[in-house]
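I have placed the structure first, in the form of structure tokens, so that the comments after it can refer back to it.
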Amino acid sequence: MTSLTTGPEPTPPAEGGPSTEPAPARKEGRDRYLDFLRTLALLRVVVYHTFGWAWLTFVFPSMGVMFALAGSLMARSLRRPALGVIRSRVRRLLLPLWIYGVVVLTILFMQGWGPAKGQESWFWLRVLCWIVPVGSPPFPWHIGSESGLLSDTWAVQAAAPLWYLRAYFWFVLLSPLMLWLFRRMPWQTLLAPLALTAIFGTDLVNIPGQTGSAVTDFVTFGACWILGFAHHD
């Protein structure tokens, strides 16, 4: 007699027949569409800096695409605890920056670069931006000699690409808050950076110096990052 408490025993599947056990959960693979866009963006950057064709920026805005892709991937990652996601992203960002900063700062100090008299504290505080990119790192506009092994403007060229790391760093830190706002006020959150871009772009508000550049970069690509949230959701 069949027990009322345990129920009938399951019948084993016939040999060669389908199994009644649930299939294991399928892991998420790579998104080939995003991989294609990332490859195209990197290729466009290389071609632009090789040939200097300004029209490429209008045909395919690589920086906007890269920030949008990063926003989409960040939204997917934030299904896990936010602190762990931020720690992982920041660690991957900072290690290359530290290696790069050691090389650049070593050459600068060997060439005699240092703080101006009376500005030592502020100088060393800004040097910390080579370690944690919360702001623009200091660098001399001219150092060495034009006839030397390195151009006298090499430090400017070395520091120029770091704006991308600075913007990415802040987007990663603020993504949990930005994603929370986007899912409650999607249109307002998306349009806010565009409105700020218009304000700064028309000089209605002018923030001077490197601070102004950092704020402009953040609001310019903030809409792209949030658009990545929209793509994911």
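The values are calculated or read from the model by the stated rules, or taken from the named source; none is laboratory data. Since the model is a prediction, treat every value here as computed from it, not as a measurement. Note that each Cβ is placed from the backbone with ideal geometry, even for glycine, and that neighbours are counted across all protein chains shown. Note: accessible area is taken over every heavy atom of the protein model, side chains too, but ligands, DNA and RNA are not part of it. Shrake-Rupley method; radii C 1.70, N 1.55, O 1.52, S 1.80 Å.
Looking at the stretch 186-219, which of the residues that are in contact with a Ser or Thr (Cβ under 9 Å, 6 or more places away or on another chain) and not hydrophobic (A, V, I, L, M, F, W, C) is surrounded by the fewest Cβ atoms within 10 Å (Cβ to Cβ)?
Among residues in the stretch 186-219 that are in contact with a Ser or Thr (Cβ under 9 Å, 6 or more places away or on another chain) and not hydrophobic (A, V, I, L, M, F, W, C), the one surrounded by the fewest Cβ atoms within 10 Å (Cβ to Cβ) is 209.
Return yes when residue 177 is farther than 19 Å from residue 211 by Cβ and either outside any loop (DSSP other than H, G, I, E, B) or open to solvent by less than 20 Å² (accessible area, probe 1.4 Å) (or both) and no when it is not.
yes
Only one of (1) part of a loop (DSSP other than H, G, I, E, B); (2) open to solvent by 70 Å² or more (accessible area, probe 1.4 Å); (3) under 15 Å from residue 217 (Cβ atoms) is not met by residue 170, so which one is it?
It fails just one condition, (1).
Look at the stretch 141-162 and say how many of its residues are modelled with pLDDT under 90 and buried (at least 16 other Cβ atoms within 10 Å of the Cβ).
Total meeting the criteria: 3.
Would the stretch 155-171 turn up any residue that is hydrophobic (A, V, I, L, M, F, W, C) and more than 20 Å from the chain's Cα centre (by Cα)?
The answer is yes, given that some residue of the stretch 155-171 is hydrophobic (A, V, I, L, M, F, W, C) and more than 20 Å from the chain's Cα centre (by Cα).
In the stretch 85-139, which residue that is among the small types (Gly, Ala, Ser) and within 16 Å of the chain's Cα centre (by Cα) is farthest from residue 211 (Cα to Cα)?
Applying the filter and picking the extreme gives 88.
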